[in-house]
Amino acid sequence: TSPANRPEQISALTSFIDLALGKSVVPCKDSPGFIANRLGTLWIKAALANAFTQGIDVEEADALLGKPFGVPKTGIFGLVDLVGLDLMR
């Protein structure tokens, strides 16, 4: 939230997200490196490391770790390429 947001706007948006979309709202101050990004990159790195360790090829990893885990259509390796290999160091 921001001081520029009116409380009634925040309340209406929170209600919509909760009731219409069925999502939980966690009020916070977003910033670069936000927790979802940190957890997401950790999960992606773990998925890639395990794919390499277990000898799973790119296409199979993308199929296994794609849609079933909520990864975009790109699959896990495609997502790393899309996000940028430099960010995944």
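Summary of computed values
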| read-out | value |
| --- | --- |
| Kyte-Doolittle at least 1.6, axis length at least 15 Å by Cα - qualifying DSSP helices, the chain | none |
| For the chain: accessible area per residue (Å², 1.4 Å) | 79 |
| The chain: Cα Rg divided by the 2.2 N^0.38 Å rule of thumb | 1.43 |
| Long pairs among Lys29/Lys73; Lys23/Lys67; Lys29/Lys67, criterion Cα-Cα beyond 24 Å | Lys29/Lys73; Lys29/Lys67 |
| Accessible surface of region 31-88 [probe 1.4 Å, protein heavy atoms]: carbon and sulfur percent | 65 |
| Helix-only CD estimate at 222 nm, as mean residue ellipticity for the chain, using -39500 (n - 2.57) per DSSP H run (n ≥ 4) | -15000 deg cm²/dmol |
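The values are calculated or read from the model by the stated rules, or taken from the named source; none is laboratory data. Just so it is clear, the model here is predicted, and its values are computed rather than measured. For the accessible areas, the whole protein counts, side chains as well, though only heavy atoms, and no ligand, DNA or RNA atoms are used. Shrake-Rupley method; radii C 1.70, N 1.55, O 1.52, S 1.80 Å.
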